[in-house]
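Novice: Right, I'll just put the structure down here and ask away after.
Please treat every number below as a calculation from the coordinates, not as lab data. Not measured: the values here are computed from a predicted model. Using ideal geometry, Cβ is built from the backbone for each residue, glycine included, and neighbour counts are taken over all protein chains shown.
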Amino acid sequence: MERRDKTNYYLDIAEAISGRSTCLRRKFGAIIVKNDEIISTGYNGAPRGRKNCSDLDFCYRERMQVPRGQRYELCRSVHAEANAIISASRADLLGSTLYLACHDAKTNQLDGAVEPCSMCKRLILNAGIELVIIRQDQNTFFTIRTADWIGNDDSLAEDLSKGY
């Protein structure tokens, strides 16, 4: 029997964690690993004590017809990456790898065309996470070196378009 490679093993865990998501649009699961040890996990859902979209049976962003990737401030959820980061100490996060998997909530199909949003990118950078690995399908993935986000600061274009 052939063993699963470690990257896909960790992505399998991230994908399993996504099953806890309460989002009606996308179900994300994140796992942070350092030195071959799981540091923390997270999925997207409302802050503790607040109702989830799945409990309310509607999504504010969907109701307002907000396109994918826009107006995250209207979302009830804390993102999977953020939940994984706040569940760990920064000392443990320095030099770590974040594994991310996403399913479309309506079709339950794997969605490999995702990346962390601009706010999550900031959290990932400040946490000291070095790599983000995103599942594309059951056996393929792509890797992002977070240092590239510093050199290619996409938030500058967003700020300029808003007049800041």
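Novice: Residues in the range 104-124 near a label at Q136, defined as backbone nitrogen under 20 Å from the 7 Å Cα→Cβ point?
Specialist: Residues 104, 109-117 qualify, since their backbone N sits under 20 Å from the label point.
Novice: First obtain the Kirkwood hydrodynamic radius of the chain from its Cα pairs, then insert it into the Stokes-Einstein equation at 4 °C and 1.567 mPa s, and state the resulting D in µm² per second as a whole number. Working shown, then result.
Specialist: Working: Rh = 16.3 Å.
Reported coefficient: 79 µm²/s.
Novice: What is the distance in Å between the Cα centroid of the range 21-49 and that of the range 64-123?
Specialist: Between the Cα centre of the range 21-49 and that of the range 64-123, the gap is 8 Å.
Novice: Provide the convex hull volume over Cα atoms per residue for the range 1-72, in Å³.
Specialist: Working: hull volume 9.5 nm³, N = 72.
Taking only Cα atoms, the range 1-72 has a hull volume of 132 Å³ per residue.
Novice: May I pose another question? Suppose R0 equals 35 Å; then what is the FRET efficiency for D5 and E62 from their Cβ-Cβ distance, rounded to the nearest 0.05? Walk me through the intermediate numbers first.
Specialist: Details: r = 36 Å, r/R0 = 1.04.
E(calc), rounded to 0.05, equals 0.45.
Novice: I've got another one for you. Just want to confirm a number: the relative contact order over the range 10-164, from Cα pairs under 8 angstrom separated by 6+ residues, in percent.
Specialist: Values: 300 pairs, mean separation 35.1, N = 155.
Here the relative contact order equals 23 percent.
Novice: Separate question: Label points 7 Å out from Cα along the Cβ direction at I38 and L125: separation in nm?
Specialist: Result for the modelled spin labels: 3.0 nm.
Novice: Continuing with the same structure: Given +1 on the Cβ of Lys and Arg, -1 on the Cβ of Asp and Glu, and no further charges, what dipole in debye does the range 83-141 carry about its Cα centre, rounded to the nearest 20?
Specialist: Values: 5 positive and 6 negative charges, 38 e Å.
My answer is approximately 180 debye.
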